[in-house]
Amino acid sequence: MSVIQDQYRAKRVYEVTRLNGTAALRLSDRVVELGEREYGWYQKVVSWLPTVRGTSELSRELGIDEGKVPHFVEALVGSGLLYRVRVDDTNEKLTGLGFHSKFSGVLRSWLSEAFAHPFWERMMSGKGSARLFTGWLIELYHYTKNANRHMPLSCAYAHEKPIKQLRAKHYAEEWNHYHYFMKSLKALGFTEPQIAESVPLPMTLALSNFMRQAAHTDILAYSICSAVLEGTTTDRGTYNPYYQRSAELYGIPKEAVSPIYAHLDLDVQYQHSDLFQDILRHVPEMTSERASVVLSYGHQLVEHIWMWTDNIEKYYQIDSNPMPRRPFDIRVD
């Protein structure tokens, strides 16, 4: 596998429109136009990235010098069609804050990937339903409640006292936030026992278990995952339209949306989006190997978010599936 294959991934393309020798590729946040030749090259690069074939083989397919391949890849990154997932390979050690700078450089593209699932466009375009909104809210309740399964581990596996204190403070501020989502669900007509006694979808539990694995592996691996999740709450321009649009399209009452905004405001008040940087201030240096492992966990979390969203859509779009999901009962199931 080449350095390019290790460092880059293709963004999800929703639609390709061909007209007058150009191809317009619609992404989640933009439309990119390519000429016929460049579009063919792009397709070859996308097919090559997940393979173990060498750069020389790709250059032959593209019909360009091998030395020009990285330049074309960078052009695709600049257009938004590819994104970087790894820290540059280097033998140099990074400071913690130096690593944070690299993380900040990939976070926006990661969030774009996480929310590139068709579910979000479906909901925003009016093709969704109140049921899908409610199902997503139920799983958000379960994931937030399951923070009590992995956040204590983040405290236990933090060996440096300043980092342990920061992780413990974060847990103390987050442990009961699932009550905000319970308030929203009660405003939608559910009773507290209905929600509290229900069970999460498999991918909701998988996401929680992945956080547990990260805590066992490296406290920085856990912290980068936490930072990605916190990053989803700081961009209010992303979330506000979703809640407001869903309320307008699907008749979601204000009482069901207000607690969600209150939760987002509390995260901003606690400055949780700054936690990862605060933790990295206490990391004098990181080897490139550790940096790569930590960054890999951050990107794996992004992939888990996408699969989580997919599981939510597939389950709750079927009207006959129980909502909320009930525990297994041998008499019924």
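The values are calculated or read from the model by the stated rules, or taken from the named source; none is laboratory data. As the structure is a computational prediction, the values presented were derived from the model and not from experiment. Neighbour counts are summed over all protein chains in view; Cβ atoms, including those assigned to glycine, are modelled from backbone coordinates with ideal geometry.
Tabulated values for the structure
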{"read-out": "Residue selected from the range 170-208 under the condition of a type in the set (S, T, N, Q) and in contact (Cβ under 8 Å) with a residue 60 or more places away in the chain, by the criterion surrounded by the fewest Cβ atoms within 10 Å (Cβ to Cβ)", "value": "Gln194"}
{"read-out": "Unique match (being within 28 Å of the chain's Cα centre (by Cα), under 27 Å from Val228 (Cα atoms) and either outside any loop (DSSP other than H, G, I, E, B) or in the same structural domain as His299 (by TED's automatic domain parsing) (or both)) among Val46, Val13", "value": "Val46"}
{"read-out": "Residue in the range 119-132 that is among the charged types (D, E, K, R), farther than 23 Å from Tyr180 by Cα and within 19 Å of the chain's Cα centre (by Cα) present", "value": "yes"}
{"read-out": "The range 14-30, subset in contact (Cβ under 8 Å) with a residue 60 or more places away in the chain and not charged (D, E, K, R), residue surrounded by the fewest Cβ atoms within 10 Å (Cβ to Cβ)", "value": "Tyr14"}
{"read-out": "Flag if Gly80 is within 30 Å of Gly35 (Cα to Cα) and touching a residue at least 40 places away in the same chain (Cβ under 8 Å)", "value": "yes"}
{"read-out": "Every residue from the range 208-225 that is under 17 Å from the mean Cα position of the chain (by Cα) and of a type in the set (Ser, Thr, Tyr)", "value": "Ser208, Tyr222, Ser223"}
{"read-out": "Qualifying helices (runs of 4 or more DSSP H) (wholly inside the range 147-207; at least 2 residues being touching a helix residue (DSSP H, G or I) at 6+ places or on another chain (Cβ under 9 Å) and over 25 Å from Ala256 (Cα atoms))", "value": "147-156, 161-174"}
{"read-out": "Restricting the range 39-85 to residues that are aliphatic (A, V, I, L, M) and farther than 27 Å from Ser296 by Cβ, the residue that is surrounded by the fewest Cβ atoms within 10 Å (Cβ to Cβ)", "value": "Ile64"}
{"read-out": "Residue in the range 294-304 that is at pLDDT 85 or above, among the acidic types (Asp, Glu) and more than 25 Å from Asn209 (Cβ to Cβ) present", "value": "no"}
{"read-out": "Options Ala215, Ala187: the member that is touching a Ser or Thr at 6+ places or on another chain (Cβ under 9 Å) and under 16 Å from His170 (Cα atoms)", "value": "Ala215"}
{"read-out": "Among (1) of a type outside the set (Lys, Arg); (2) within 20 Å of Ser208 (Cβ to Cβ); (3) within 18 Å of the chain's Cα centre (by Cα); (4) loosely packed, with under 15 Cβ neighbours inside 10 Å - the single one Asn148 does not satisfy", "value": "(3)"}
{"read-out": "Given (1) buried (at least 16 other Cβ atoms within 10 Å of the Cβ); (2) touching a residue at least 12 places away in the same chain (Cβ under 8 Å); (3) assigned to a helix (DSSP H, G or I), index of the condition Ala262 fails", "value": "(1)"}
{"read-out": "Matching option when the condition is in a helix (DSSP H, G or I) and either free of Cβ contacts under 8 Å to residues at least 60 places away in the same chain or in contact with a Leu (Cβ under 7 Å, 6 or more places away or on another chain) (or both), among Phe119, Phe72", "value": "Phe72"}
{"read-out": "Residue identified as in a helix (DSSP H, G or I), exposed (fewer than 14 other Cβ atoms within 10 Å of the Cβ) and not small (Gly, Ala, Ser) among Asp274, Asp278, Asp267, Asp310", "value": "Asp274"}
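Each row is one residue, and each column tells you yes or no for (1) at pLDDT 90 or above; (2) closer than 21 Å to His117 by Cα; (3) aromatic (Phe, Trp, Tyr).
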position: Thr232; (1), (2), (3): no, yes, no
position: Ser292; (1), (2), (3): no, no, no
position: Asn311; (1), (2), (3): yes, yes, no
position: Ser320; (1), (2), (3): yes, no, no
